Structure formats: structure tokens, C-alpha cells
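The values are calculated or read from the model by the stated rules, or taken from the named source; none is laboratory data. Bear in mind that the values here come from a model prediction, so they are computed numbers and not experimental data. For neighbour counting, all protein chains shown are included, and Cβ atoms are generated from backbone atoms with ideal geometry for every residue, glycine included. Side chains are part of the model used for accessible areas, which takes the heavy atoms of the whole protein and leaves out ligands, DNA and RNA. Shrake-Rupley method; radii C 1.70, N 1.55, O 1.52, S 1.80 Å.
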Amino acid sequence: MEQIAIGFQEAIDLLITGDAELYEIVGLSLMVSLSAVILSTFLGVPCGALIGTHNFPLKNALLRIIYTLMSLPPVIAGLVVFLFIMRRGPLGMWGITYTPTAMIIAQVCLVTPIITGLTYNIVRDKAPKVKSLAVTLGAGRLESLKLLIFELRIGIMAAIVTGFGRALSEVGAVMIVGGNIKGKTRVMTTYIAQLKSMGDYSTAIAVGIVLLILAFLINTFLYNVQQKVEK
Amino acid sequence: MRVYLENLTKEYEGRKILDIGTLLIEDGALCGIIGPNGAGKSTLLNLIAGLIKPTEGSLLYGEGLSSSAPFREMTMVFQAPYLIRTTVEKNIAYPLKLRGWADVAIECRIEELTEELGLTNFRKQKSWTLSGGEAQKVALARALSFRPRLLLLDEPTANVDPSTTAEIERMLRKINEKEGTTVVLVTHNLVQAKRVCKEVLFMDQGEVVEFGISETLLRDPKQELTKRFVAGELLT
């Protein structure tokens, strides 16, 4: 209990004193997670919408793969991305090992299936009605898809929030591909893991609290956007 | 808009649910489709609307009897109206924006239709706050906004009160008479069919049993099945 209390005190101190290292870590965490979520949204929402509105061979097999990937262990995602981008890997010439770019790619691999799967489930239930409406009002394919995404925007927003939660709290993948290098690829989750292994529990809790506060603020913002859309 | 069907069939899982030899709905018709449950009325309407494809046969539209469905010139109103999650006026504007109408023209059309259907006070209201009758009127206003040449309606007054029913019926007669819109109305209400439609098509088990002038057909049907249906002996 004492460690937690000290952690709280340290968290407040860290935030008030404007610890430069902490702000850098927070900034990188946000940059990596937000970039990954934005990319995953552009990939996952149209994919989920298309799968939900079309029938094609092997659709069920594809859905099973997406559902499996929704619970993909981050270390596996990290390992696979690492094998691709390491110097001797097929994408080794990119030279992005232990960089924020690699961390974003790993998180995209984790978040895209979540957004795709959740979007698919929302679309599947409502798509027939929206599609019929769009066709009878003279909308083309692209306009129908736009209307569908507009109609399901609240559910899609929830899928994005879920994806963001996964990205921000993830540690295994970014640790493997990023390496937790101070000033370069260190993010809050990997920093917490390192502090714990060093026995610095109070600072670890302090950073954890900062992470929670950030998650709360971002989710509050997204919730407010969702509420505005709903009204 | 003229609609011509020839040897049209629709099958679901190997079962034939629609089988129409020939059927011509003339340009400017106000045609009611009646029949018991499972007669194929809604399937026929969905086929004409291009929402489903026939298994066999041809479905032709317009003077030139084109086989491609003119989606930009026809529309459909469903029994349970689906409104876009936005305001009433944005719902009405949606098909006009798709057709590239100018903002001023859209505004004028919205004003005209909301006034006509008693929706002026609801223009800024969100669609999900409307009652069933109001929602159906908005769906009708939206369908009429771009002045379709063919209007298909699947039991549009099944869930609305008598005064809204009267308003919708008045509007259907008006656009048919003044704008020459071809109207095809599926209804379970024989009184409504007689009151609104110029022609009536009676269907049973996926086939057209009888087609003729509504007053004559409903007063003095030729076919035994139609007689039984009009007499209330067949379940609707």
C-alpha cells in the first residue's frame, strides 16, 4: 500500500515539475498509439464494412482469421514484425528496426483486426436496411458505403476507442520491435516494465498513473465526440 | 414510367416464390397490389426496385424498355421507414445531394414538401425522435424529393394513424395526377386499394391472378380466388 501511496505522490510531482524525460515518453507513446489507430481505422473500417456487406468465397474462413487476430498476443505480433524488419529479414533494407515506425507497424497489426472485426459486427446487423435505402434513393456503391459508415459512426467510434485502448496499453510488441531505447523508442508501458525489473516500484506506479490519466482524458474526449454525434 | 415483366420467376432455395407470365404497368399508372400473406407482393416490388434479381425472365423499364434498372429515376418507401440518423431536412435533402442539386433548389424543395406533408415544424428535428406516422411522412417526402418517375410503396400506411394515412393517400393521388408519376402500392387494405388506386393487381402464391380497373375488379372480380379474397375468405 505504501508503494502505491508513494507512487501517487510521485505521479503528481512528475506532472507538476514537468519532468522532461516523462513528457518525452508520454509524447512518443501518444504519437505511436495515435498513428497506429489512425492507420488501423483507415484499413479496418472499410474492410469491416466491405466484409459485412458482401458475400464471397472463404468469407467464413476470413472472419475466423480476423477473430483469431483480434486476440493476437502482442509478443507474437512483435516477433513476426521483428522477423520481417530485422536486418536479415525480407524488409531489412528499410532499416526500421528499433524505431517508432516499427512500433507503429506492430501496433497496426494488433489494432486493425480489432477495428475490422468490431466494424464487421456492427455493419452485418444494419447493412441490409441501409443498403436497401441507399439503392432505392439512387446511391452508387461508394455513396452507399459512405452512407453506411455515416449511419454506423457511433458503433465505429466505439470500435476505434477499443482499438486505441489496446494500442496504448500494449507492451509486448513495442518492446520487441522498439527495444525500449531511452530517448528513442521508450514508451510508457515499456518504461513501466523496465522500472519494475529495476525494483523502482514507486516510479513505475507513478508512470502507470500518468498512463491511466492519459487514457481517461483521451477516452473522455472520444466519449464526448460520440455523445455530440448522437445528439 | 412503364414497367414490363415477361416470364419472370424468383426462386429461394429451389422453391419458386414468384412466377409471372407477362405484366405491363403503364406509364402514369396508380396500381395497387393486393393478395394474402406470402402471395409474393413484396418480392415483386423488391424485384421492380432492383433490390433483388430475378431467377429468370426479363424486367424492362421505360418507353425504350431498357433492361437496366433506372435507379436514379425510381424509389421505394418501405413499411418500416428507415431514416438516416440526422435531421428531417437532411433526410429529405439526401437524394437531391446525390443528384447534385444546388443548395437553393434543395432548400426550395424541402420547404415545398415539408409544407405539403405538414412537416414544417419538424424540419430541424432528429429522425429518431419522430413518431411512426411522422417518420413515414418524412420517408415519403424524401422519396418524392427528386420527383421520381416510378414510386414503389410497400404497405406504407400499415403502422400509421388514419389522418396520416389520409395525408399519404392524398399525396400519392396528387403526384400521380399532377406529375404523372407511376405509383405501385402494395396494400392489405382493400378499402385503400379501392380509394387510391386506378388499377389493382391480385396475386396469390407468386402468380398474378387478376389485373384490372380497381373499382371493377374489387366490385365484380372474375376469378374465383379473387372473389374469395375480396369476400374475406382468404387470409390477408
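Numbers at a glance
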| read-out | value |
| --- | --- |
| Filtered residue count, the stretch A:196-210, keeping only those that are open to solvent by 30 Å² or more (accessible area, probe 1.4 Å) and either closer than 14 Å to A:SER33 by Cβ or touching an Asp or Glu at 6+ places or on another chain (Cβ under 9 Å) (or both) | 1 |
| Where A:ILE149 falls short, out of the listed (1) touching a Pro at 6+ places or on another chain (Cβ under 9 Å); (2) within 20 Å of A:ILE38 (Cα to Cα); (3) modelled with pLDDT of 90 or more | (3) |
| Residues located in the stretch B:15-28, provided they are of a type in the set (A, V, I, L, M, F, W, C) and open to solvent by 10 Å² or more (accessible area, probe 1.4 Å) | B:ILE17, B:LEU24 |
| Any chance B:GLY100 is more than 14 Å from every other protein chain (Cβ to nearest Cβ) and surrounded by fewer than 18 Cβ atoms within 10 Å (Cβ to Cβ) | no |
| Test result for A:LYS146, among the charged types (D, E, K, R) and in contact with a helix residue (DSSP H, G or I) (Cβ under 8 Å, 6 or more places away or on another chain) | no |
| Scope the stretch A:20-51; condition free of Cβ contacts under 8 Å to residues at least 24 places away in the same chain and of a type in the set (A, V, I, L, M); matching residues | A:ALA20, A:ILE38 |
| Looking only at the stretch B:47-67, and only at residues there that are within 13 Å of another protein chain (Cβ to nearest Cβ) and of a type in the set (Gly, Ala, Ser), the one that is nearest to B:LEU152 (Cα to Cα) | B:ALA49 |
| In the stretch B:108-124, the residues that are in a helix (DSSP H, G or I) and either in contact (Cβ under 8 Å) with a residue 60 or more places away in the chain or open to solvent by 40 Å² or more (accessible area, probe 1.4 Å) (or both) | B:CYS108, B:GLU111, B:GLU112, B:GLU115, B:GLU116, B:THR120, B:ASN121, B:PHE122 |
| Residue among B:ALA105, B:ALA39, B:ALA69 that is open to solvent by less than 50 Å² (accessible area, probe 1.4 Å), without any contact (Cβ under 8 Å) to a residue 24 or more places away in the chain and in a loop (DSSP other than H, G, I, E, B) | B:ALA69 |
| Conditions (1) within 19 Å of B:VAL3 (Cα to Cα); (2) free of Cβ contacts under 8 Å to residues at least 12 places away in the same chain; number of the one not met by B:LYS174 | (1) |
| Search result, residues across the stretch B:8-30 that are of a type in the set (D, E, K, R) and in a strand (DSSP E or B) | B:LYS10, B:GLU11, B:ARG15, B:LYS16, B:ASP19 |
| B:ALA93 vs. criteria among the small types (Gly, Ala, Ser), farther than 19 Å from A:LYS129 by Cβ and within 14 Å of chain A (Cβ to nearest Cβ) | yes |
| Candidate set from the stretch A:177-186 (those that are out of contact with any Gly (no Cβ under 6 Å at 6 or more places or on another chain) and under 18 Å from A:LEU79 (Cα atoms)); member that is most open to solvent (accessible area, probe 1.4 Å) | A:ILE181 |
| Candidates A:SER197, A:SER132, A:SER202, A:SER169 - the one that is within 14 Å of chain B (Cβ to nearest Cβ) and hydroxyl-bearing (Ser, Thr, Tyr) | A:SER132 |
| Qualifying residue in the stretch B:77-84 (condition: aromatic (Phe, Trp, Tyr), in a loop (DSSP other than H, G, I, E, B), without any contact (Cβ under 8 Å) to a residue 60 or more places away in the chain and more than 8 Å from chain A (Cβ to nearest Cβ)) | no |
| Answer from A:LEU147, A:LEU152, A:LEU142, A:LEU222 - the residue that is within 14 Å of chain B (Cβ to nearest Cβ), out of contact with any Ser or Thr (no Cβ under 8 Å at 6 or more places or on another chain) and either on the phi > 0 side of the Ramachandran plot or touching a residue at least 12 places away in the same chain (Cβ under 8 Å) (or both) | A:LEU147 |
| Only one of B:ILE48, B:ILE33 that is in a helix (DSSP H, G or I), hydrophobic (A, V, I, L, M, F, W, C) and crowded, with 17+ Cβ neighbours inside 10 Å | B:ILE48 |
| Lone unmet requirement of (1) assigned to a helix (DSSP H, G or I); (2) within 19 Å of A:VAL37 (Cβ to Cβ) for A:THR185 | (1) |
